[in-house]
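Asks: Below are the structure tokens for one structure; questions will follow.
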Amino acid sequence: MTRDPRRVLVTGASGRLGRATLDLLARHEVPATALDLYDPGDLPADRVVTGSAGDARAVREALAGVDTVIHCAARAAPSLGTAEEVFVGNTRATFVVLEEAAQAGVRRAVLASSFSVTGLPWSARELHPAYLPVDEATPLQVEDPYALSKQVDEATAAMMARRYGMDSVAMRYPLLGGPADQFPKRAAMYAADPGSGARELWTYLDTRDAARAGWLAVTRPLTGAHVLFLAAPDTLAVQPTEELLDRYHPGVERRAPVPGHAAPIDVGAATRLLGFRAEHLYPVERASGPVAS
């Protein structure tokens, strides 16, 4: 049996993921409230509230009539502010949104976490995962304020589940985008310098699939707090994945083969819990032969 939300609050509504989420809710004819710092005037929501996700008063106003929250608001990289602004801003917003939602009787929340919570993408030094493929049990190696904010966000959601019984899913998204923006540039960068994708394991996910995963997390029957990795099944690299791993993550334990151009992230938990599989794959022009220097 699926869960039918009456009204969904989407924070960070004018961002890439927020807009895609609102579009999907509109297609499902689910009323949506959009919360963002500014109203661009074209959000597909029947109610728009302007204000910060870290402002309890704005959040309380946005929660009117809401029974489900999809929290996308955040500074999405450690470079988008000082270390304090990134960490404190992100964690405050998540705590305020979830605390106010719980007080308002909301019992389902979806959070945009990130692959960056592993610590690999933004570390000042080169890091390697404890094993491959990466999964939800992989030890975190957090060394930057953005990754730390996502680790705290996930812990906050788990606390809310214990304290209030608010079920939640934190989505560890990789690079999000689409064929008209992020992916061609990133694929070209990886083709010219394969090592430039090593920190993110060359992974990606179409924003439409990310929004659909959020919808599944809203509507599927589940209890408790969950953390899930998501990714497209292939990479944006032209070289075979195991060749890339041999060169850029040498000596890391392989717990399962990563054949062809498969993404070295195990998304089995998302498939089991949500029935999620990526549908929008980017057609990288593949190459054979040794990895470029």
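The values are calculated or read from the model by the stated rules, or taken from the named source; none is laboratory data. Because the structure is a prediction, the values reported are computed rather than measured. So basically every Cβ, Gly included, is an ideal-geometry build from the backbone, and we count neighbours across all protein chains shown.
Asks: Taking P139 as the residue in question, decide whether it is touching a residue at least 24 places away in the same chain (Cβ under 8 Å), over 15 Å from the mean Cα position of the chain (by Cα), within 23 Å of T271 (Cβ to Cβ) and outside any helix (DSSP H, G or I).
Replies: When the stated conditions are applied, P139 does not pass them.
Asks: Same structure again: Right, L25: touching a helix residue (DSSP H, G or I) at 6+ places or on another chain (Cβ under 8 Å), free of Cβ contacts under 8 Å to residues at least 60 places away in the same chain and buried (at least 17 other Cβ atoms within 10 Å of the Cβ) or not?
Replies: In short, no.
Asks: Is there a residue in region 123-131 that is under 19 Å from the mean Cα position of the chain (by Cα), in contact (Cβ under 8 Å) with a residue 12 or more places away in the chain and more than 27 Å from R255 (Cα to Cα)?
Replies: No, that holds for no residue.
Asks: Any chance region 156-165 includes a residue that's loosely packed, with under 15 Cβ neighbours inside 10 Å and farther than 25 Å from V110 by Cα?
Replies: Within region 156-165, not a single residue is loosely packed, with under 15 Cβ neighbours inside 10 Å and farther than 25 Å from V110 by Cα.
Asks: Here's a follow-up. Within region 175-284, considering only helices (runs of 4 or more DSSP H) that don't extend past its boundaries, which have at least 1 residues that are aromatic (F, W, Y)?
Replies: Ranges flagged: 182-192, 207-219, 241-248.
Asks: So, one more: Can you tell me which of (1) farther than 23 Å from F115 by Cβ; (2) in contact with a helix residue (DSSP H, G or I) (Cβ under 8 Å, 6 or more places away or on another chain) is the one R16 doesn't meet?
Replies: (1)
Asks: Condition check: farther than 21 Å from M160 by Cα and in contact with a Ser or Thr (Cβ under 7 Å, 6 or more places away or on another chain). Does L43 satisfy that?
Replies: It is true that L43 is farther than 21 Å from M160 by Cα and in contact with a Ser or Thr (Cβ under 7 Å, 6 or more places away or on another chain).
Asks: Going by the structure shown, is M189 at pLDDT 95 or above and farther than 18 Å from A112 by Cα?
Replies: Yes: the conditions hold for M189.
Asks: Determine whether region 228-236 contains at least one residue that is under 19 Å from G15 (Cβ atoms) and either free of Cβ contacts under 8 Å to residues at least 24 places away in the same chain or buried (at least 20 other Cβ atoms within 10 Å of the Cβ) (or both).
Replies: Yes, there is a match, as at least one residue in region 228-236 is under 19 Å from G15 (Cβ atoms) and either free of Cβ contacts under 8 Å to residues at least 24 places away in the same chain or buried (at least 20 other Cβ atoms within 10 Å of the Cβ) (or both).
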